[in-house]
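The values are calculated or read from the model by the stated rules, or taken from the named source; none is laboratory data. All of these numbers come straight from a predicted model, not from anything done at the bench. Here the Cβ is made from the backbone with ideal geometry for all residues, glycine too, and neighbour counts use every protein chain on show. Accessible surface is based on the protein model in full, side chains and every heavy atom, while ligands, DNA and RNA are left aside. Shrake-Rupley method; radii C 1.70, N 1.55, O 1.52, S 1.80 Å.
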Amino acid sequence: SRGYVREAIKKLEFYGILKTLPQKGTIVASLGVKALEGLITNILNIEGTDFESLMEVRAILEIQSARLAAERATENDLNGIIKTHTDFKNEIEAGRSGLEEDHLFHLKIAEASKNKVLGSLIGLITPDIIALSRKEIEVSVAREQVTLIEHEKIIEGIRLREPERAASSMKEHMAKARERRIAHLRKNKNTRRSV
């Protein structure tokens, strides 16, 4: 239906793949980003331990993104960050994974950093993280409640315009996300061995 198409276009615009121009229609946003994506696709041939590399790079980008968002976010940016956090919370409370909403939260922070290169890089690795996480995802309301609290700390740092507080909260969130992912992977590995 048209509603699904509009929603898909909106998400692709958010990821920076499409751009809608008044009276011209929807176009591919930037060959520069596509070229960059092509260059790093080979780097992001993620299997096994490469996931660790991806998580390390993600943490570096996300921490700086939160720091800059605390310095540069407009009121509209902050409202967008809060909205994606609320969407994530609603998904969790409905018993769903909220995986896409979680990553949209991070992309909104990148957008609020006002650094287009930083935003593009986070946008490029996010689909890989979503794809890998979707394979391993296991909905745990208790675990996601912890994630919600971590997100709220990041939002507070941005809202109060305290760059180091926002960066520190994001650093903690990235470390905890990594720990949760490793624990989940180990659990699955042990389950496969015992079968």
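Could you go through segment 9-29 and let me know if any residue there is open to solvent by less than 50 Å² (accessible area, probe 1.4 Å), modelled with pLDDT under 80, closer than 26 Å to Met170 by Cα and among the β-branched types (Val, Ile, Thr). Looking for residues that are open to solvent by less than 50 Å² (accessible area, probe 1.4 Å), modelled with pLDDT under 80, closer than 26 Å to Met170 by Cα and among the β-branched types (Val, Ile, Thr), one finds none in segment 9-29, hence no.
Within segment 63-74, the set of residues being open to solvent by 20 Å² or more (accessible area, probe 1.4 Å) and part of a helix (DSSP H, G or I) comprises Ile63, Gln64, Arg67, Glu71, Arg72. Scan segment 75-82 and tell me whether some residue there is modelled with pLDDT under 95 and either outside any helix (DSSP H, G or I) or open to solvent by less than 50 Å² (accessible area, probe 1.4 Å) (or both). No, segment 75-82 contains no residue that is modelled with pLDDT under 95 and either outside any helix (DSSP H, G or I) or open to solvent by less than 50 Å² (accessible area, probe 1.4 Å) (or both).
Output yes when any residue across segment 97-109 is under 11 Å from the mean Cα position of the chain (by Cα), modelled with pLDDT of 90 or more and basic (Lys, Arg), and no when none is. Checked segment 97-109: at least one residue is under 11 Å from the mean Cα position of the chain (by Cα), modelled with pLDDT of 90 or more and basic (Lys, Arg).
If you go through segment 122-138 one residue at a time, do you hit one that is at pLDDT below 90, outside any helix (DSSP H, G or I), farther than 23 Å from Lys11 by Cα and not polar (S, T, N, Q)? Yes, that holds for at least one residue. Scanning segment 163-171 turns up at least one residue that is at pLDDT 95 or above, surrounded by fewer than 16 Cβ atoms within 10 Å (Cβ to Cβ) and more than 16 Å from the chain's Cα centre (by Cα). Looking across segment 83-97, the residues that are of a type in the set (D, E, K, R) and assigned to a helix (DSSP H, G or I) come down to Lys83, Asp87, Lys89, Glu91, Glu93.
Search segment 79-98 for residues being touching a helix residue (DSSP H, G or I) at 6+ places or on another chain (Cβ under 6 Å) and aliphatic (A, V, I, L, M), and hand back the single one that is farthest from Arg181 (Cα to Cα). By that ranking, first place goes to Ile81.
Selection over segment 98-118 of residues that are surrounded by fewer than 22 Cβ atoms within 10 Å (Cβ to Cβ) and outside any helix (DSSP H, G or I) gives a count of 2.
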